RNA sequence: GUCCGGAUAGUGUAGUGGCCUAUCAUGAGGGCCUGUCGAGCCCCCGACCCGGGUUCAAAUCCCGGUCCGGACGCCA
């Protein structure tokens, strides 16, 4: 039962060697006197060939009783064979059925018949057996791993902040209320306040990759109610510095995926276009002018509409930053320019299709922060745990949050955000 | 939340009033076949989302519901 090799670790050069492979019955092709059993594991496919005359009856009986997607262990001899896929086949000595799969299957795993996304998500355990779906999640792993490597190398300390929080007073998006013993609590919408606390806390540079929860009833291909956010916060640097970190990170991730994930990109039929450095910078003023010149009129101080994002994205054609936003449409913690306080040191990082990230230099002055909270129509009393950290030595600092799913879907040209999350949570789906 | 579109075998589909005892593929069951690789061939099984209405006649038209897709809105 114990595997000696993944399917792709076996080579024709191992001719006559004995191996044990494990996996799922992908297909059985019975030609009469000869039969082919294709076993699929995480890495690929292996062909097991049965010459019926030369095979023990026990092995033949086992194969006869096999259903597609059953889990098997096959021990046999490697046969170098030019006609076989991968140049080798396994001549079995013994086949063990570890788990018998019922039929009919909830969906096809071989690529012969499509399934709707909804069907696939209902049967996600089977959907991820498909090479295509598996490729997406293997790339997701590469992305997350190399982000951790990149930030760690750059001096960032990985932290974990609470997802269960007490107050709904952070403003903006709607929160999911939950019951916390005898009190009401909420699922956190962002690690923003906590990562800032750690600037006062002296960690200097922190990052977190964790779920965020938004109770908005948005129902689009680029929104989720539970998403994964990549957040950084760093002291003694400004918004321009963290923008440089962000664009370098994105460029690095693309390069790593192109190299390490080449096999999976091929499975997906994706030719990665690596975004060039530096990303273009356009001001908010220029952004609304571009939108206006193309028929989407916005008042100064409006947030960008979906249509405006598309127009500007098409106009720019590659990753870009929008900088110098009106202070009033950015959160209270974005730092206003000293000489022009109606603008702030906030930025959005955009892919032509959608927003990927937003960030800013933060307000680190207690009085200004308190004023800004009030100006945004919020009550500073609800922010005591947060504001307190600004009273006893808070360094200037900056940071951003980057949507993992949006990074992935734009990278891979995937239309629906649900494709890049194993078990997406949206307006309707809560299971599995 | 608003608007638009949709729901037919396990899966993906064709079918816009009678020719539907519902198409095709895949799949399941059975059979033939010693080099398949989306194997091939033969037989067979399996479906009109739910409720109401119109009509001589409804998968098809109308109304309500449920579910799904898309756009927009909402969105640190």
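Do we have residue A:324 as under 30 Å from the mean Cα position of the chain (by Cα), farther than 21 Å from residue A:206 by Cβ, outside any helix (DSSP H, G or I) and within 14 Å of RNA strand B (Cβ to nearest atom) here? Against the criterion (under 30 Å from the mean Cα position of the chain (by Cα), farther than 21 Å from residue A:206 by Cβ, outside any helix (DSSP H, G or I) and within 14 Å of RNA strand B (Cβ to nearest atom)), residue A:324 does not qualify. On the basis of being in a loop (DSSP other than H, G, I, E, B) and under 27 Å from residue A:3 (Cα atoms), does residue A:67 make the cut? When the stated conditions are applied, residue A:67 passes them.
Of the residues making up segment A:211-242, those that are part of a strand (DSSP E or B) and within 12 Å of RNA strand B (Cβ to nearest atom) number 6. Do we find a residue being in contact (Cβ under 8 Å) with a residue 60 or more places away in the chain, surrounded by 14 or more Cβ atoms within 10 Å (Cβ to Cβ) and within 8 Å of RNA strand B (Cβ to nearest atom) anywhere in segment A:64-81? Yes, there is a match, as at least one residue in segment A:64-81 is in contact (Cβ under 8 Å) with a residue 60 or more places away in the chain, surrounded by 14 or more Cβ atoms within 10 Å (Cβ to Cβ) and within 8 Å of RNA strand B (Cβ to nearest atom).
Matching residues to (1) part of a loop (DSSP other than H, G, I, E, B); (2) free of Cβ contacts under 8 Å to residues at least 40 places away in the same chain; (3) surrounded by fewer than 13 Cβ atoms within 10 Å (Cβ to Cβ); (4) away from RNA strand B (no atom under 14 Å from the Cβ):
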site: A:389; (1), (2), (3), (4): no, no, no, yes
site: A:395; (1), (2), (3), (4): yes, no, no, yes
site: A:400; (1), (2), (3), (4): no, no, no, no
site: A:407; (1), (2), (3), (4): no, no, no, yes
site: A:414; (1), (2), (3), (4): yes, no, no, no
site: A:418; (1), (2), (3), (4): no, no, no, no
site: A:422; (1), (2), (3), (4): yes, no, no, yes
site: A:426; (1), (2), (3), (4): yes, no, no, no
site: A:432; (1), (2), (3), (4): yes, no, yes, no
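Among the numbered conditions (1) in contact (Cβ under 8 Å) with a residue 12 or more places away in the chain; (2) over 21 Å from residue A:4 (Cβ atoms), the only one that residue A:89 does not meet is (2). Suppose the filter is closer than 26 Å to residue A:131 by Cα and either within 16 Å of RNA strand B (Cβ to nearest atom) or modelled with pLDDT of 95 or more (or both); does residue A:272 pass it? No; evaluated as a whole, the condition is false for this residue. Total residues in segment A:22-47 satisfying the condition of being farther than 16 Å from residue A:69 by Cβ and more than 13 Å from RNA strand B (Cβ to nearest atom): the figure is 1. For segment A:346-365, state whether one or more residues are within 13 Å of RNA strand B (Cβ to nearest atom), free of Cβ contacts under 8 Å to residues at least 24 places away in the same chain and closer than 27 Å to residue A:190 by Cβ. No - not one qualifying residue is present in segment A:346-365.
Residue by residue, here is whether (1) within 18 Å of the chain's Cα centre (by Cα); (2) surrounded by fewer than 19 Cβ atoms within 10 Å (Cβ to Cβ) holds:
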{"site": "A:181", "(1), (2)": "no, yes"}
{"site": "A:195", "(1), (2)": "no, no"}
{"site": "A:203", "(1), (2)": "no, yes"}
{"site": "A:207", "(1), (2)": "yes, no"}
{"site": "A:233", "(1), (2)": "no, no"}
{"site": "A:242", "(1), (2)": "no, no"}
{"site": "A:246", "(1), (2)": "yes, no"}
{"site": "A:250", "(1), (2)": "yes, no"}
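The criterion of at least 1 residues that are more than 12 Å from RNA strand B (Cβ to nearest atom) is met, among helices (runs of 4 or more DSSP H) falling completely within segment A:101-155, by A:124-127, A:131-153. Taken across segment A:359-382, residues that are in the same structural domain as residue A:200 (by TED's automatic domain parsing), surrounded by fewer than 22 Cβ atoms within 10 Å (Cβ to Cβ), part of a strand (DSSP E or B) and in contact with a strand residue (DSSP E or B) (Cβ under 7 Å, 6 or more places away or on another chain) do not occur at all. Summed over segment A:101-121, residues that are surrounded by 10 or more Cβ atoms within 10 Å (Cβ to Cβ), within 24 Å of residue A:63 (Cβ to Cβ) and free of Cβ contacts under 8 Å to residues at least 12 places away in the same chain total 1.
The listed residues are A:197, A:203, A:193, and the only one of them that is over 21 Å from residue A:426 (Cα atoms), within 10 Å of RNA strand B (Cβ to nearest atom), modelled with pLDDT of 90 or more and assigned by TED's automatic domain parsing to the domain that holds residue A:147 turns out to be A:193.
The values are calculated or read from the model by the stated rules, or taken from the named source; none is laboratory data. Values in this document were obtained by computation on a predicted structure and should not be read as measured data. FYI the Cβ positions are ideal-geometry reconstructions off the backbone, even for glycines, and counts take in every protein chain you see.
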